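Below: the structure, in C-alpha cells.
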Amino acid sequence: MPHQAMERRKNAAATPPGLRLYRGLLGVTEQARLLEEIAAIVRAAPLFTPRMPNTGRPFSVRMSNCGALGWVSDREGGYRYQPRHPRTGRPWPPMPQMLRRLWGELTGYPAPPEAALINHYPPGARMGLHVDADEQARDAPVLSISLGDAATFRIGGPRRRDPTASVRLHGGDVLLLGGAARHCHHGIDRIHPGTAAVPLPEEIGPGRLNITLRRVTPPAQ
Ligand code: MD6
Ligand code: FE
C-alpha cells in the first residue's frame, strides 16, 4: 500500500468519533477581519505567558481571552477560569459576534460560549498532549479556529497511551471537538513557519493563532 494511503488508514482508525473538521471555512477576508478583532482584543488584554502548576515552567505559547471567563494558569493557582486578566485585573474584552455566531451555527449547543481562549504560537512553540477538563459543562463541545501559519495537530484517545492521528490545520480551518473526541488527548506538535495565507498582525508577531470557544458552566435548566 502506498505510504500516504496507509497513513490515512491509520489516522482513520485512531480518529475518535465527534471530531469534525471544517476545512477552509473562513475565507481570506473573514480571516483578516477576525485577526483585526483579535489584535484589538490583545491591545486591551495583552498576551501573557502562562506557567505550569507546581513547577512554574512557562508555556511556549502566549495566551489571552475574550468573553465572560478566561482560562489562566500559574504556579500557585493552577489551571482555572476567571473573569479578569491576571495582569491588568480588568474583565476580559467581549467576544466578537463572528465567534458567537460560529458557535451557534456549528455546535447547536443550547447556551452561548463563555470563554474564547486565544493561543499564540510563535514558530517553534508547541502544546503537549492534554485533555481539556477544567470546564464543568462536560457535555459542551469545544470549537477551535486556526489562523496564520499551519500546524500539526495530534489527537488520541481518553488514555494518554492510546494511538494518535495527526492532521494539519491551516488558517481558516475550524475544528469541532464534540462527543467522545471532547475528552480525548490532543496537542500541537509543530508550527509550519511561512505557510499563512493571511499572516498574523505585526503587533502579534509571526506564527499561528488558535481560538477555542468553550462553555464553562452548565446552562440553567
Ligand atoms: C491548538 N487546541 O489547536 C490547540 N482543545 O492550538 C486545543 O488544545 C484544543 O483544538 C480543545 C478542543 C479543541 C482544540
Ligand atoms: Fe485543548
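The values are calculated or read from the model by the stated rules, or taken from the named source; none is laboratory data. Fair warning: this is a prediction, and the values are worked out from it, not measured in the lab. All Cβ positions, glycine included, derive from the backbone under ideal geometry; neighbour counts span all protein chains shown.
Are there any pairs with C-beta distances below 6 angstrom linking a residue in the range 129-152 that is free of Cβ contacts under 8 Å to residues at least 12 places away in the same chain and closer than 17 Å to residue 167 by Cα to a residue that is surrounded by fewer than 20 Cβ atoms within 10 Å (Cβ to Cβ) and among the charged types (D, E, K, R), with the two at least 6 apart or on different chains, and if so which?
Cβ pairs passing all conditions: none.
Consider the range 94-107. How many of its residues are part of a loop (DSSP other than H, G, I, E, B) and surrounded by fewer than 16 Cβ atoms within 10 Å (Cβ to Cβ)? I'd like the intermediate steps shown before the answer.
Filtering the range 94-107 for residues part of a loop (DSSP other than H, G, I, E, B) gives 94-96.
Narrowing further to those that are surrounded by fewer than 16 Cβ atoms within 10 Å (Cβ to Cβ): 94.
Selection size over the range 94-107: 1.
Which of the residues that make up the range 153-191 are touching a strand residue (DSSP E or B) at 6+ places or on another chain (Cβ under 6 Å) and free of Cβ contacts under 8 Å to residues at least 12 places away in the same chain?
Selection gives nothing.
Is there any pair linking a residue in the range 196-221 that is on the phi > 0 side of the Ramachandran plot to one that is buried (at least 20 other Cβ atoms within 10 Å of the Cβ), with Cβ under 8 Å and at least six apart or on different chains, and which?
205/120; 207/120; 207/121; 207/148; 207/149; 207/191; 207/200
Out of the range 128-186, which residues are in a loop (DSSP other than H, G, I, E, B), within 20 Å of residue 111 (Cβ to Cβ) and within 14 Å of ligand 2 (Cβ to nearest atom)? Before the answer, list the steps.
Our first condition is that a residue be in a loop (DSSP other than H, G, I, E, B); within the range 128-186, this holds for 131-141, 149, 156-164, 170-173, 178, 184-185.
Applying the additional criterion that residues be within 20 Å of residue 111 (Cβ to Cβ) yields 132-141, 178.
Hits for the range 128-186 are 132, 133, 134, 135, 140, 141, 178.
Hey, residue 186 hits all of (1) under 27 Å from residue 32 (Cβ atoms); (2) under 13 Å from the mean Cα position of the chain (by Cα) but one; which does it fall short on?
Single failed check for residue 186: (1).
Restricting to the range 208-221, name every residue that is more than 9 Å from ligand 1 (Cβ to nearest atom) and surrounded by fewer than 23 Cβ atoms within 10 Å (Cβ to Cβ).
Matches in the range 208-221: 216, 217, 218, 219, 220, 221.
I'm trying to understand the selection: among the residues of the range 204-215, which are in a loop (DSSP other than H, G, I, E, B) and more than 11 Å from residue 112 (Cβ to Cβ)?
First pass over the range 204-215, keeping only residues in a loop (DSSP other than H, G, I, E, B): 204-207, 215.
Of everything in the range 204-215, those that are in a loop (DSSP other than H, G, I, E, B) and more than 11 Å from residue 112 (Cβ to Cβ) turn out to be 204, 205, 206, 207.
So which pairs qualify, if the first residue must be in the range 63-74 and closer than 19 Å to residue 112 by Cα, the second must be surrounded by fewer than 23 Cβ atoms within 10 Å (Cβ to Cβ) and at pLDDT below 95, the Cβ gap must be under 9 Å, and the two must be at least 6 apart or on different chains?
Going by the 9 Å Cβ cut-off, there are no qualifying pairs.
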